[in-house]
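The values are calculated or read from the model by the stated rules, or taken from the named source; none is laboratory data. Given the structure is predicted, the values throughout are model-derived calculations rather than measurements. FYI the Cβ positions are ideal-geometry reconstructions off the backbone, even for glycines, and counts take in every protein chain you see. Just the protein is used for accessible areas: all its heavy atoms, side chains included, with ligands, DNA and RNA removed. Shrake-Rupley method; radii C 1.70, N 1.55, O 1.52, S 1.80 Å.
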Amino acid sequence: MGAQLRVYKQKISTAQTTKKITKAMELIAASRIQKAMARVRASAPFARAVTRAVSAVATHSNTDHPLTTAREVKSSAIVIFASDRGLAGAFNSQIMREGLELATLLQSQGKEVTYYLVGRKAVAFFQFRRIKSEAEWTGDTDTPEFRFAEQISGTLLEAFERGSEQGGVDEIHLVYNRFVSMMTQTPETVRLLPLEVVEASESQGDVQAFPLYEFEPDAATVLDALLPVYIQSRIFNALLQSSAAKHAATQKAMKSASDNADKLITDYTRLRNNARQAEITQQIAEIVGGADALSSAK
């Protein structure tokens, strides 16, 4: 009985230590979520302004730009945004599944798929399955900086401009987790390039009217300057959304782990009390039996 009590005490101590760790990680993730969401909100005005400027130039000019001109698609790039760290529940697994499902769809359309990976978990996932990737970026997914988005966009733009005929790609898709709420993070798939310029019809009453523009020096040069910035802002937004979603997933996973630790502590405490009660009962029985034996001997 004494050995069993020691085992239960050790298990209770282990569960309590685990609960302290998971509770601390939950609080850290909660504080990081607020900072991540503040960064998402801070980047929104710039992203809207760039999108508005690109839409205006593309709509009010007849310039055929390589980034907006449709081409025959033979090769597609999929950029998967994962995290550098784990302990985030299904955050990484669901984005991997989404990326592979997109790859299967594109391959069924006769397109060759090339992977670009962001985050150590994505790199480890593809290396374990021996799936080749074209480029990898790690080490800056928790608090992404804009220079990180510049590096990714530079590589993607260079591959897109080369095209499939020269070993590049003809279209680029982004796959990342979008932050919806503290409890919900959903996989998002966005085609980044080529850009789709949708012109609104005049019959729509709520359409925002753009003012008349004069382009200096010309529309093509303006697009050359704006479109790379637009691509960088879209990739940076995906990084920020993925970061916020990861912290929310970590908080949810750590809360679940803390609750499970509480349940284990309760169960092991009950088992320890039962074992202790059984030990006391056995000791009382032995004392009574000894007393009866002594009285019978007299």
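What pairs come up if the first residue lies in segment 34-57 and is touching a residue at least 12 places away in the same chain (Cβ under 8 Å) and at positive phi, the second is surrounded by 12 or more Cβ atoms within 10 Å (Cβ to Cβ) and among the polar types (S, T, N, Q), and their beta carbons are under 6 Å apart, counting only those six or more places apart or on different chains?
Short answer, once both residue conditions are applied: none.
Quick check on R48: is it at pLDDT below 85, open to solvent by 70 Å² or more (accessible area, probe 1.4 Å) and outside any loop (DSSP other than H, G, I, E, B)?
yes
Any idea which of (1) at pLDDT 90 or above; (2) buried (at least 17 other Cβ atoms within 10 Å of the Cβ) is the one T68 doesn't satisfy?
(1)
Give me a count of the residues in segment 156-166 that are buried (at least 16 other Cβ atoms within 10 Å of the Cβ) and either without any contact (Cβ under 8 Å) to a residue 40 or more places away in the chain or among the polar types (S, T, N, Q) (or both).
1
So which residues in segment 100-153 are small (G, A, S), surrounded by 14 or more Cβ atoms within 10 Å (Cβ to Cβ) and either closer than 30 Å to I28 by Cα or under 15 Å from the mean Cα position of the chain (by Cα) (or both), if there are any at all?
Answer for segment 100-153, where residues must be small (G, A, S), surrounded by 14 or more Cβ atoms within 10 Å (Cβ to Cβ) and either closer than 30 Å to I28 by Cα or under 15 Å from the mean Cα position of the chain (by Cα) (or both): G119, A122, A124, A149.
Of the conditions (1) open to solvent by 90 Å² or more (accessible area, probe 1.4 Å); (2) of a type outside the set (F, W, Y); (3) in contact (Cβ under 8 Å) with a residue 60 or more places away in the chain, V169 satisfies every one except a single condition; which number is it?
For V169, the exception is condition (1).
Out of the residues in segment 75-91 that are crowded, with 16+ Cβ neighbours inside 10 Å and among the hydrophobic types (A, V, I, L, M, F, W, C), which is nearest to P194 (Cα to Cα)?
It comes out as A77.
Across segment 249-298, what is the number of residues that are β-branched (V, I, T), open to solvent by 60 Å² or more (accessible area, probe 1.4 Å) and more than 35 Å from the chain's Cα centre (by Cα)?
Looking only at that region, the number is 5.
Report those strands (runs of 3 or more DSSP E) wholly inside segment 135-220 carrying at least 3 residues which are under 25 Å from A49 (Cβ atoms) and at pLDDT 90 or above.
Per the criteria, 171-179.
Report, ordered by the first and then the second residue, all pairs with beta carbons closer than 7 Å, sequence separation of six or more or different chains, a first member in segment 1-25 that is of a type in the set (S, T, Y), and a second member that is in a helix (DSSP H, G or I) and at pLDDT 85 or above.
Y8/Y268; Y8/L271; Y8/R272; T18/A261; T22/M254; T22/A257; T22/S258; T22/A261
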